[in-house]
Amino acid sequence: MIGPFCYITDHDHGMRAGIPVNEQPLIGSPVVIEDDVWIGAHATVLKGVTIHRGAVIGAGSVVTKDVPANAIVAGVPARVISERSQDNEQPRESANRSV
């Protein structure tokens, strides 16, 4: 599921010094979104990211790195804040780590 106003991109511009910004080349890398993923409203997913099966992306998050399976991530940049659990309805808390 993808909430409203999400931005998912597979490219950005180069940023080398000495070349005008408007002349920088585009740099591309595919985005992969696996099954059973929920991306909250206004989230941004940047180039080269894989969001693994069962992950949840919090509203307004900026995902700059791969998201592990069943992870719940939020923030700017997005970090793992908890994990989906098969044992019960409550997510398990995890140590904050950047994704």
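The values are calculated or read from the model by the stated rules, or taken from the named source; none is laboratory data. Just so you know, these numbers come straight off a predicted model, no measurement behind them. Neighbour counts run over all protein chains shown; Cβ positions are idealised from the backbone, glycine included. For the accessible areas, the whole protein counts, side chains as well, though only heavy atoms, and no ligand, DNA or RNA atoms are used. Shrake-Rupley method; radii C 1.70, N 1.55, O 1.52, S 1.80 Å.
Restricting the search to the stretch 57-99, which residues are part of a strand (DSSP E or B), aliphatic (A, V, I, L, M) and modelled with pLDDT of 95 or more? Break it down stepwise before answering.
If we filter the stretch 57-99 for residues that are part of a strand (DSSP E or B), which is where we start, we get 57, 62-63, 67, 71-74, 79-83, 92-98.
Still in the list and also aliphatic (A, V, I, L, M): 57, 62-63, 67, 71-74, 80-81, 95.
Of everything in the stretch 57-99, those that are part of a strand (DSSP E or B), aliphatic (A, V, I, L, M) and modelled with pLDDT of 95 or more turn out to be Ile57, Val62, Val63, Val67, Ala71, Ile72, Val73, Ala74, Val80, Ile81.
Is it the case, given these coordinates, that Ala41 is among the hydrophobic types (A, V, I, L, M, F, W, C), open to solvent by less than 40 Å² (accessible area, probe 1.4 Å) and part of a loop (DSSP other than H, G, I, E, B)? Step through it out loud before you land on a result.
On the way: among the hydrophobic types (A, V, I, L, M, F, W, C): yes; open to solvent by less than 40 Å² (accessible area, probe 1.4 Å): yes; part of a loop (DSSP other than H, G, I, E, B): yes.
Yes, satisfied.
In the stretch 1-15, which residues are open to solvent by 100 Å² or more (accessible area, probe 1.4 Å) and either modelled with pLDDT under 95 or among the β-branched types (Val, Ile, Thr) (or both)?
Initial filter on the stretch 1-15 (open to solvent by 100 Å² or more (accessible area, probe 1.4 Å)): 1-2, 5, 7, 13, 15.
Of everything in the stretch 1-15, those that are open to solvent by 100 Å² or more (accessible area, probe 1.4 Å) and either modelled with pLDDT under 95 or among the β-branched types (Val, Ile, Thr) (or both) turn out to be Ile2, His13, Met15.
If I filter the stretch 16-38 down to residues being within 14 Å of the chain's Cα centre (by Cα) and of a type in the set (A, V, I, L, M), which single residue comes out as surrounded by the fewest Cβ atoms within 10 Å (Cβ to Cβ)?
Filtering the stretch 16-38 for residues that are within 14 Å of the chain's Cα centre (by Cα) and of a type in the set (A, V, I, L, M), the one surrounded by the fewest Cβ atoms within 10 Å (Cβ to Cβ) comes out as Val32.
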